[in-house]
1. Check Gly113, Gly76 and return the single one that is of a type outside the set (D, E, K, R), surrounded by fewer than 21 Cβ atoms within 10 Å (Cβ to Cβ) and over 11 Å from the mean Cα position of the chain (by Cα).
2. Among the residues of segment 118-133, what is the count of those that are in contact with a Leu (Cβ under 8 Å, 6 or more places away or on another chain) and part of a loop (DSSP other than H, G, I, E, B)?
3. Mind checking which pairs have a first residue in segment 120-134 that is surrounded by 12 or more Cβ atoms within 10 Å (Cβ to Cβ) and a second that is modelled with pLDDT under 95 and polar (S, T, N, Q), Cβ under 7 Å, 6 or more apart or different chains?
4. Here's a check for you: in segment 89-110, which residue that is farther than 10 Å from Ile122 by Cα and aliphatic (A, V, I, L, M) is farthest from the chain's Cα centre (by Cα)?
5. Look at segment 64-79 and say how many of its residues are within 15 Å of Arg129 (Cα to Cα) and touching a Lys or Arg at 6+ places or on another chain (Cβ under 8 Å).
6. Specify the residue that is surrounded by the fewest Cβ atoms within 10 Å (Cβ to Cβ); the eligible residues are those in segment 83-106 that are small (Gly, Ala, Ser) and part of a loop (DSSP other than H, G, I, E, B).
Amino acid sequence: MWKKDEAVKPGIPTDGPRVDAPRNSGSDMVNVGTGTIGKSVVIKGELSASEDLAIEGQVDGKVELPQNILTIGANGRIKASVFAKAVIVQGEVHGNITATEKIDIRDAGSVDGDLASPRVAIADGAHFRGSIDMQRGKAGETAGLALEATKPAEALKPAVPMTGAAPAGVATAAPGTAPAR
């Protein structure tokens, strides 16, 4: 119960209606400490931040949040290459996305571009057109690995030719022929 010795702190109203801080409209998109780019905002050029960011507007160019989470909201329209720690797509992205931790394309999200991240989630109903590179390690390293994988097959042959018989159960074929199925 109340103790009479406890004084009411000044500046805190004790009577009248209580006014709470504005709340999110039910969306789990924006967390406390997240910057927001509103629906009517258009950015052309490079965008970088050192805090989590939610984009509801339009961005054309490049988006970099190497240590933070980027959320493209339902109204967000991105025509840019994106690099962040984690990316959540609820709107539209036209461009490549690289994330060091995770890319999450939600059910209303749409991505036309390549994805590079150790973890990728695409919800049922989402739109995606492109390729996915899920190499383990940092996404910056996987981007280099993806470039390595595009080299001609000649460059990827082992330096020392393999000799000897194939292990039991492994089908072999003469050069220029397809292995039996």
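The values are calculated or read from the model by the stated rules, or taken from the named source; none is laboratory data. On a predicted model such as this, the values are computed, not experimentally measured, just so you know. Here Cβ is always computed from backbone atoms with ideal geometry, including for glycine, and neighbour counts include all displayed protein chains.
1. Only one candidate passes the filter, namely Gly113.
2. 2
3. Every condition considered, the pairs that remain are Asp133/Thr142.
4. The selected residue is Ala108.
5. Within segment 64-79, residues that are within 15 Å of Arg129 (Cα to Cα) and touching a Lys or Arg at 6+ places or on another chain (Cβ under 8 Å) number 0.
6. Per the stated criteria, the residue is Gly95.
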